[in-house]
Each structure stands twice: as C-alpha cells, then as structure tokens.
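Note sheet for the following structure.
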Amino acid sequence: MKGICTLLGVVGLGLGVVGIVLYVQGPYEESKGLTPYRHRAIDSRYPFGHISAQDAGDIDGDRYPDIVIRSGKSGEAEIAWYRNPLGKDRNGDREWTKYRIASDAYPSGNRSSGSALLVFDVNRDGRPDVITGAKVKDIGNGLFWWEAPEDPRTGDWRRHLIAAPASVTGEEFAPHDMRLADIDQDGRADLVIGGSSNQGVYWARIPMAPSQATNWELLRIGSPRGSSYAGLAVGDINGDGRPDVVHADVWYQSSDPLSQPEWRAYAYGAINIPPSNVELYDMDRDGKLDIVVSSGHSGEYGQVVWYKAVGGPESLWTPMAISSQSLAGPESLLVLAGPPENSPHIVTAEMDFLGVSEQRRMFLYSPAGPELTVWQEIILHTGKNFRSLKAVDLDRDGDLDLSAISFTEPDGYAHVDWFENTGEFLHEKPGARTSD
C-alpha cells in the first residue's frame, strides 16, 4: 500500500527523552484506509483573511451544529456564523450560508485578541451567544459577549462588555484561550481566561443577570510570568476534587478559599520550546491526568509532546514524544479517544506563519502500542495554514468531524473547512469546553 510506514524515525526532543514515530508519507489519498476523514470546503474564498478563532454550536435551533468564526486584520474584521445546510427547513440549500454577527470587533494591535472564542448560552435563554476578545471603536480593548437575537439570521446581536482587562492586569490583555468550567463548584459554568503567559490567567463567575451586568469580576489565578507561552486546560490534577488549571508551562492548584490572591503554581516540565496549546487527558489510563502540549509559537519548528504525571506536585513530569521536532508551527491541538479501548489519538496542523514548510500539513498521531512510546504519523491533508481545529459532530451521525480555519492562503483568501468522519474511529472528545 503506497505511502504506509515508509520510514521508521527515532526522534530526540532535547528534553532528555526519545520517542519513535512511524511516518506515513503523503496525504490521505496515498494511504487509503488509514484515516477516517473526507475533506469538504465550507468557504474557500473568505475575503478578510486571518481567521483567528472558531467554535461550533446550534445557533439557529435546528439541532445541527453551526460554525462561528472570528476574523480580522487592519481595517477589516467581523464575527460571523455559517449555517449548517444539513438541518431542517433549508429549502434545498446545500451550501453553508454565512451571516454576520458583528463588523466592529477588530484585533488589538499585534496581539491575538481575537484568537479566543466560545459559543455558549451566557444568559440562559436557550439561544447560544458568542464570547470573544476584541478592540471595539470608542471602547477599546476588552472581553465581550454578543447576545443572540430571536432570529440569528436577521436580528441584531447585542454587544455586552464582560471586562476591560487592563483595569485588572494593568496592561492590554489579549485572551489567547478560554475554557468553561465550574471553578467554584456551585453547579454553574464559570469562564476561565488565559492570555500568553506574560499576561496571566483569570477566571470569572457568570452573573445571574449577565445582560444587565458590566465589568464582571476577574479573579486572578496566576500572574504574568515574562514569557510568550500559551495554552489553557482545566481538570482535577491532584485528585482533591477541585478543578486545577494548566496555563502554558505551569499548572495551578485550585485555591481554598478561591478568593485568595493567587493559586499556587507548579512547573510540570523543563520546557525549552514554548507551548501554544495544552490539553489534559489520562493518556496511559493510570488514573492520573497527563498534559499534552503542542508548540506552535516556537519559531520555525515545533513539536507535540505529552507529559506523564509522576510524583508529588513539585516533581517534574516525564516528557514523552508524540511528533518529531520538524512541524512548522503546530498551533492547533486535539486529543480524541478512539480504538482500542478509548486510546488517545492526537490531531494537529502546521500554521507555518514563517513560511518554512512547502506542504503545510495536518496530522493524525495514533498509538502503535500500549506503552505510548511509538506513534503512527498520518498526513490527513496538505496545503493550508490551519489556525484552529475543533471536534464536533457536524452531520449528527454519531461520530466526531473536524472543523478547521486557516490564515490567509497564497490565493489571497482564508478558508473554512470540514473534515467529515467517515467511520467511528475517533468518537469522543474528553475534557472541558475550550477555545484556542
């Protein structure tokens, strides 16, 4: 079979660890049977470029997930949603139709203020709303949510200010990641917000009447640490029943009481390549959450690594290779459960903002053995600078598909894509809701 396991590579990570990767040469068409995905274009001529964020949710209430995107560059910006054509009352429409939510939400300078976005029913009225960071005329930089109207296609989405984080952080704050998690364990979702690690990480309770509230109280989890790392995940790392937070290269133990100034921080690894995304998952099924990292902010090349939880909170975790170091900016990261027995499968893609890769590839890494020291590397797609991947069942057939957004491509347009799952290979996405 052409392109299958043509090279056995031994990968050194510069971290005191060696892993083995089985390389599969060529995209899916050259390695039939190894991938569950079929590529479908949603929008191949998006004009504004630099689509920096996405999420999915049933915006129009037809039970099929729609896709919300956040884009923008100097002088041009919008928040918009694409209506899934597979839902009811489409009158024969087979195309994804784009509807605008806002046209005045700009990126903030050189900061990635639009790279975090969540679709969530903020005011609990049964309609999904949109949360994202933006720079708005006459208001400036801040974190906002847009309230969904009764008809999201024709109605006006009302903008609400969550917080102007400069009042908390003392500087312009650009949320790189957001998560929904019950931090205070009151049965309601809270908002966890992370910038780059030189901007810190915060959480906020969602007010009971959010449409009337302004400047939600942002509580600090961790202070800025003077580096440009990023990535955010939430889970009970130390087994005490309270949600802890991973931000970039450290994890924060949940404080008790939660109102104390900051949570205690622990480094989990001697990291020499900056993380851009992190996920929590029990990789080796030993009952402890491990940390999976992709390093898309690493300059020319990055990698995907998982850190095995060992010892006490002050112990450095054991780094284990998943990918080689030759990925051109793996900015996105998904950890999905699949066979055998809910084993972890990793999806990432090269954003390649420095132009060092001729291929710009999307990868699937599947374990080649139970020890998770040998991984099979499969190229799912080539030719696009994917900024973000999401796992969502777009066609409601019971398995997870992938939605993907890209920066401006050589043809001058950004792209929105759907990778349809053709089977049940990857069927569960563990963990909390996230934006990246």
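The values are calculated or read from the model by the stated rules, or taken from the named source; none is laboratory data. Just so it is clear, the structure is predicted and the values come from calculations on it, not from any experiment. No Cβ is skipped: glycine too gets one built from the backbone with ideal geometry, and neighbour counts run over all protein chains shown. Only protein heavy atoms, including side chains, enter the accessible area calculation; ligands, DNA and RNA are left aside. Shrake-Rupley method; radii C 1.70, N 1.55, O 1.52, S 1.80 Å.
Of all residues in region 119-147, those satisfying the criterion of being open to solvent by 50 Å² or more (accessible area, probe 1.4 Å) and acidic (Asp, Glu) are Asp125, Asp138. Residues in region 256-272 that are touching a residue at least 24 places away in the same chain (Cβ under 8 Å) and out of contact with any strand residue (DSSP E or B) (no Cβ under 6 Å at 6 or more places or on another chain): Leu258, Ser259, Pro261, Ala270, Ile271, Asn272. Residues in region 248-258 that are surrounded by fewer than 21 Cβ atoms within 10 Å (Cβ to Cβ) and hydrophobic (A, V, I, L, M, F, W, C): Val250, Leu258.
Which condition number in (1) surrounded by fewer than 21 Cβ atoms within 10 Å (Cβ to Cβ); (2) in contact (Cβ under 8 Å) with a residue 60 or more places away in the chain is the one that Gly311 fails? Unmet condition: (2).
So, in region 307-336, how many residues would count as being small (Gly, Ala, Ser) and in contact with a Lys or Arg (Cβ under 8 Å, 6 or more places away or on another chain)? If you could, list the steps in order and put the result at the bottom.
At the first step, the residues of region 307-336 found to be small (Gly, Ala, Ser) are 309, 311-312, 315, 321, 323-324, 326, 328-329, 332.
This time we only want the ones that are in contact with a Lys or Arg (Cβ under 8 Å, 6 or more places away or on another chain), so: 309, 328, 332.
Selection size over region 307-336: 3.
Tallying residues that are in a loop (DSSP other than H, G, I, E, B) and within 14 Å of Ser196 (Cβ to Cβ) within region 228-266 yields 6. So for region 63-71 (the condition being at pLDDT 90 or above and among the hydroxyl-bearing types (Ser, Thr, Tyr)), does at least one residue qualify? Yes. Checked against (1) at pLDDT 90 or above; (2) more than 19 Å from Ala189 (Cα to Cα); (3) touching an Asp or Glu at 6+ places or on another chain (Cβ under 7 Å), Ser254 passes all but condition (2). Kindly indicate the residue of region 259-287 that is of a type in the set (Asp, Glu), open to solvent by 40 Å² or more (accessible area, probe 1.4 Å) and within 29 Å of Ser323 (Cα to Cα) and also nearest to the chain's Cα centre (by Cα) among those meeting that condition. By that ranking, first place goes to Asp284. Restricting to region 177-200, what's the tally of residues that are open to solvent by 30 Å² or more (accessible area, probe 1.4 Å), more than 22 Å from Tyr229 (Cβ to Cβ), free of Cβ contacts under 8 Å to residues at least 60 places away in the same chain and not small (Gly, Ala, Ser)? Number satisfying all stated conditions: 3.
Residue-by-condition table, conditions (1) acidic (Asp, Glu); (2) over 22 Å from Ala134 (Cα atoms); (3) at pLDDT 90 or above:
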position: Pro175; (1), (2), (3): no, no, no
position: Asp184; (1), (2), (3): yes, yes, yes
position: Leu191; (1), (2), (3): no, no, yes
position: Leu218; (1), (2), (3): no, no, no
position: Gly226; (1), (2), (3): no, yes, no
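Once region 201-227 is narrowed to residues that are outside any loop (DSSP other than H, G, I, E, B) and of a type in the set (Lys, Arg), the residue that is most open to solvent (accessible area, probe 1.4 Å) is Arg205.
When you scan region 116-152, how many residues do you find that are within 22 Å of Ala230 (Cα to Cα) and either in contact with a helix residue (DSSP H, G or I) (Cβ under 6 Å, 6 or more places away or on another chain) or of a type in the set (S, T, N, Q) (or both)? The number of residues fulfilling the criteria is 2. Here Asp104 meets each of (1) in contact with a Ser or Thr (Cβ under 9 Å, 6 or more places away or on another chain); (2) surrounded by fewer than 20 Cβ atoms within 10 Å (Cβ to Cβ); (3) at pLDDT below 95 with one exception, condition (1).
Restricting to region 228-247, name every residue that is over 17 Å from Lys308 (Cβ atoms), surrounded by 16 or more Cβ atoms within 10 Å (Cβ to Cβ) and modelled with pLDDT of 90 or more. Residues satisfying the conditions are Gly231, Leu232, Val234, Arg242, Pro243, Val245, His247. Among the criteria (1) at pLDDT 50 or above; (2) aliphatic (A, V, I, L, M); (3) open to solvent by less than 70 Å² (accessible area, probe 1.4 Å), the one Leu15 does not fulfil is (1).
For region 37-52, give me each residue that is at pLDDT below 90 and hydrophobic (A, V, I, L, M, F, W, C). Passing the criteria: Phe48, Ile51.
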